[in-house]
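Q: One structure, pasted below without further comment.
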Amino acid sequence: MLRWKTLVCLTFGLCLYGSISWGQAYIRGVATYNKVNPLVGASITIDGTYDGATSLKDGSFQIETQELGKQKLVCHLIGFADVTMPIEITKGATINVEVVFTMKASRIEEVVVRNPAFTSSDKSRVTTLKPLDILTTASDGNITSALKTLPGAQQIGESGDLFVRGGTGSETKTVIDGLVVNNFNYSSPSGVASRSRFPPGLFKGSFFSSGGYSALYGQALSSTLILDSEDIPLKSSADLTITPFWLGAGVNKVNRNGKNSWGGSVNYTNLAPVFSVTKPSMQFDKVPEYLDATFFARQKIGTSGMLKFYGSVGSNSVGVTQKDADYEGVKDEITIKSKNVYTNLTYKQNLNNGWKMYAGLSWSGNYDNNAIRAYRIDSAITVFDSVGKFNSSYLQAKWVLTKQIFNRSKLHFGSEFQNNDEKIISVKKQLEKAQTDNLTALFVETDTYLSDNLTARIGLRYEYSSLMDKANIAPRASLGYTFMNASVLTASYGEFYQKPDNNLLWQKQNLDFTNASHYILTYQKSDSYHSFRTELFYKDYKRLVKTVPDFNNNGRGYAQGIELFWRDKKTFKGFDYWLTYSFLDTQREFLNYAKLAQPTFAANHTASAVVKKFFSGLATNIGLTYTYASGRPYYNPNRPKEEFLSDKTIDFHNLGLSVAYLPKIKKTFSVLVLTVSNILGNQQVYGYNYSKSDSSQRTAITPVNNPFVFLGLFVNFGIDRSNEIINGRL
C-alpha cells in the first residue's frame, strides 16, 4: 500500500524554462511524381543541417527547424532524379512547398544528398529526445534519467552516469556543441546518484549513440551523448523560478535584427524542504545545496555563420553519515564541497567552393574538498580523520573542415588537442601530487555514395597521450543500404580507445589505452510519426586494466546482444508511445575481478514502455513510464572464487506517472508538471556492501528517495508556444 504521507514531496513554483526552444519554423509539403501520384519514402532535408523528414503514404511531410534565411531543400528518392529547391525561412513562418520528382535519366548528373544513414555526427542513426520528452519522461527532469528508457542503457540508480552495453559509466562521454564535457554531473558521495549540471532545455535535442560512432570523436569505449545548444531564439524572454527548494531568475535578450542574443541565469537549490517531507534512506548532515550562474551569447555572422559562447560557474555541498561497514559501533561522516567552472566557444561557417568549417574551444575546472571522519557512536571519539582536495582542469581545442568531392562524397578532416591537469592534496598529511596529460588527435572521414542506395563511411583516428607516452590508430567503417521503402540496413565496424580512469593513472602512469572493437548490424525505418530500429552488436574488450596482482593491461571482456526500439505518434490519435528491449550477455575480467564474470553494473534483460496521451480539450499530457531490469550481480565475500559474482539482486521494477498541463497565462509558455516515480512502491535494491571484518553483515544499496513526487509550474515570459505543443501532440 502506497504511503503518501511519507512518499509525496510537492514542490510548486514559477520556473525558469527559457532553455526550451521557443521559436520554430515549419516546412510542409507533398512529394509527387509529375504532380499526380504521391510518393512515399522520399528524403527531404535542409542542406547542411540535420533537419529533415520522410514523406508518408500520401506524400506529405513536415520539417521543424530553427534555421533562418536562404536555405536549400534537397530531396532524394531511389529511382527518381534528385530535386533541389531554394527556400527562404523567416521567423515563425510555415512554408508550403511541392516537391515534384521525375524519372531519373542515366545522363543526369548526380546531386549529392546526405543519406540519413550516414552523417559525421551519427545523429540520424541514433535515438533523439527533445526537451519536452525529457520533462515528461524523467521523474526528476534529468537528462540521463530519460535516456535510461532507451535501448542499450542500464538501470543503474546509484549513479548519475550512463552505463551502456556492458560498459562502465566512464565509458560514455558527453559532448556539447562538438566538445567533450569533463564533469557533466555534480560531485556526490558514493552510492548517491548525482544530477546533471546542465538543464535539458538548454539543448535542441539529446542524441544518444550506443556504439559505432564517428571518427570525429574519441576517448569513449562504449557510447556518446551528443548535445547541441540552442541557436538564436525568435524574441527576447525572461524567466523566474520560485519553489520551496529552488529559486532562480534569467533573461534571454535578442536584438531587433535577430542576428545576436545574450542572456544568463542564477539558480539556488536547497533540498532541506524535500527531506523534511520525504525521509531519505540515509542520514544527511548537510542536505544537498547548489548555487549556479550561467551566461551565454550567440552571434550570427553573414548568412551561414554562427558564433556561440556558453559559460557557467557553480558550487555544491553535501554531507552524509552512515554506519561503517567494517567496524561495529563506528559511523562514517562524509562531506563534499565542490566548485566548478565551464566555458564553451564554437564557430561554424560555410566557406566558398563547397567548404565548411567548425572550430571550438572549451575549458572547465572542478575543485572538490572532501572530508571523511570515522567516530565511535558511544563516545564520539574520532578514530579516523582525513581531509583531501582534488582539483582538475580540462582544456579542449578542435577544428573540422568539410569538403564536397566529385558530387558524390564528402570529406571531413581535422584535429583536436586536450589538456588535463589534476592535483591531489592531503591536508592532514601535507602531501601533494600532480599529473598532466596532453592528448593530441588527428582524424579523417569520408561519406561516399557507391550507388543510389549504397553508402559507405570510412574513417581513421590517431591519438597520442603524453602522460602514458602511448599512441593508437582507430579505423572505423560503415556500409549502408537504403531500400525502396526508405528503410536502411547498416553494418558498422570500429576500433575505440580510451585512457584508463584517472584514479588508475595515479597508481601507474605508463599504462596503455584500453580498447574495444565494435561490430554492429542495424536495421531502421523512420518517418515523421514512426521509428523502428533493431541492432545486433558485439564488443570485444582488450587491454582492460587489472589491479591484482599489480597494475597492468591484461584485462579482457566481451558484450553481445540485441536491442529493439519502436516509437509511434500516429496509430492511436493523441497517443505517443515507445517500447524498448535489450538483451545483454557480457563478462569481463578487470580491476580486482577474480575471474571472467558478469559485472555488477550489467543486467541481462532491460525493457521500458513509455505511453503519453494528450487531451487537447484539457491541454494536458498524461504519461506512464515503466522500466524493468533483471537482477544484477553483486559481490558476496562468503562465496568461493568459483562462484565469484554469482549472487544477483531482485529484479528492478519502476512505474512512473507524469502529468503535464499547458495553461494559458497570457503570452507565456507554461507547463504544470506532476511526476511520481515508483508509484507502486516496489522494493528496489542496487546491490550490497559487506563488512570486511564480519562478512555476515551487509547493507543494501537503495534509492535515496523512493518513491519521489515532484510538482512544478514552468513558465517562460515572452513567447507563447502552447499552441505549437498542443498541435504537435494531436
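Since every read-out is calculated from the coordinates, none of them should be taken as a lab result. Just so it is clear, the model here is predicted, and its values are computed rather than measured. Quick reminder, even Gly has a Cβ in these numbers, built from the backbone with ideal geometry, and neighbours come from all protein chains shown.
Q: Could you please rank SER392, SER466, placing first whichever residue has the fewest other Cβ atoms within 10 Å of its Cβ?
A: The fewest-first ordering by Cβ neighbours comes to SER466, SER392.
Q: Give me ILE377, ILE372 sorted ascending by neighbouring Cβ count inside 10 Å, so fewest comes first.
A: Numbers: ILE377 12, ILE372 15.
By the 10 Å Cβ count, ascending, the order reads ILE377, ILE372.
Q: Can you tell me what share of the DSSP beta bridges in region 25-101 is antiparallel? A percent to the nearest 5 is fine.
A: Values: 22 of 30 bridges.
Roughly 75 percent of the beta bridges in region 25-101 run antiparallel, per DSSP.
Q: Order of ARG632, ARG543, ARG28 from fewest to most other C-beta atoms within 10 Å? List each step's numbers first, then the result.
A: Values: ARG632 25, ARG543 19, ARG28 14.
The most exposed by this proxy come first: ARG28, ARG543, ARG632.
Q: Out of MET85, SER646, ASN420, whose Cα points farthest toward the positive end of the dipole of the chain (charges: +1 Lys, Arg; -1 Asp, Glu; placed on Cβ)?
A: Farthest towards the positive end: MET85.
Q: Next question. Given +1 on the Cβ of Lys and Arg, -1 on the Cβ of Asp and Glu, and no further charges, what dipole in debye does the chain carry about its Cα centre, rounded to the nearest 20?
A: 1200 debye
Q: Figure the gain on full extension for LYS573 and LYS692 (residue separation times 0.36 nm, minus the Cα-Cα span) and round it to one decimal in nm.
A: 37.1 nm
Q: DSSP loop trypsin sites (Lys or Arg not before Pro) in region 399-492 with at most 16 other Cβ atoms within 10 Å of their Cβ, which ones?
A: Sites meeting the loop and neighbour criteria: ARG408, LYS428, LYS429.
Q: Another question about this same structure. Can you tell me, using C-alpha contacts under 8 Å and at least 6 residues apart, the relative contact order of region 25-101 as a whole percent? Mind showing how you got there, number by number?
A: Working: 182 pairs, mean separation 30.3, N = 77.
Taking the mean separation of contacting Cα pairs over the length of region 25-101, I get 39 percent.
Q: Taking 0.36 nm per intervening residue step and subtracting the Cα-Cα distance, what contour gain separates LYS72 from ARG556 on full extension? Let's see the in-between values first.
A: Working: separation 484, 0.36 × 484 = 174.24 nm, distance 4.89 nm.
Extending this stretch completely gives an extra 169.3 nm.
Q: For region 300-312, in order, what is each residue's ³J(HN,Hα) by Karplus, 6.51 cos²θ - 1.76 cosθ + 1.60 with θ = phi - 60°, in whole Hz (x at glycine and Pro)?
A: Those phi angles translate into 7, 10, x, 8, 9, x, 9, 10, 10, 9, 9, x, 8 Hz.
Q: A further question follows. Which whole-number value in Å³ per residue fits the convex hull of the alpha carbons of region 25-101?
A: Taking the convex hull of the Cα positions in region 25-101, it is 76 Å³ per residue.
Q: Let me ask something else about it. If the label point is 7 Å along Cα→Cβ of GLN435, which residues in region 447-468 have backbone nitrogen under 20 Å from it?
A: 463-468
Q: Semi-axes of the equivalent ellipsoid for the chain, please: Cα gyration tensor eigenvalues, times 5, square-rooted, ordered largest first, whole Å. Each step should come with its number before you reach the end.
A: Values: eigenvalues 354, 187, 132 Å².
Working through the eigenvalues yields semi-axes of 42, 31, 26 Å.
Q: Mind jotting down the three principal axis lengths of region 280-345 based on Cα atoms? Whole angstrom, largest first.
A: If we take the Cα atoms of region 280-345, the spans are 69, 20, 19 Å.
Q: For region 258-380, just list the percent of Cα-Cα distances falling in each 10 Å bin from zero outward, please.
A: Computed distribution, short to long bins: 11, 25, 23, 17, 13, 8, 3, 0.
Q: Related question: Calculate the FRET efficiency for GLN404 and GLU642 from the Cβ-Cβ distance with a Förster distance of 35 Å, rounded to the nearest 0.05.
A: Efficiency computed from Cβ-Cβ geometry: 0.05.
Q: Would you be so kind as to identify which of ALA31, GLN66, ILE46 lies farthest towards the positive end of the dipole of region 25-101, taking Lys and Arg as +1 and Asp and Glu as -1 on Cβ and the Cα centre as origin?
A: ALA31
Q: So what's the Cα pair-distance distribution over region 615-656, bin width 5 Å, in %?
A: Values per bin, smallest distances first: 6, 18, 14, 11, 11, 8, 8, 6, 5, 4, 4, 3, 1.
Q: How big is the dipole moment of region 290-418 about its Cα centre under a simple scheme where the beta carbon of each Lys and Arg is +1, that of each Asp and Glu is -1, and everything else is neutral? Debye, nearest 20, please.
A: Magnitude of the dipole: close to 1320 debye.
Q: Report, in deg cm²/dmol and to the nearest 500, the calculated mean residue ellipticity at 222 nm for the chain, where each DSSP H run with n ≥ 4 adds -39500 (n - 2.57) and the sum is divided by the residue count.
A: Working: 6 runs with 34 residues, N = 730.
After summing the helix terms and dividing by the residues of the chain, the value is -1000 deg cm²/dmol.
Q: Next up: Under a Cβ-only charge scheme (Lys and Arg +1, Asp and Glu -1), can you give me the dipole magnitude of region 25-101 about the Cα centre, in debye to the nearest 20? Write out the running numbers ahead of the final one.
A: On the way: 6 positive and 8 negative charges, 27 e Å.
The calculation lands at about 120 debye.
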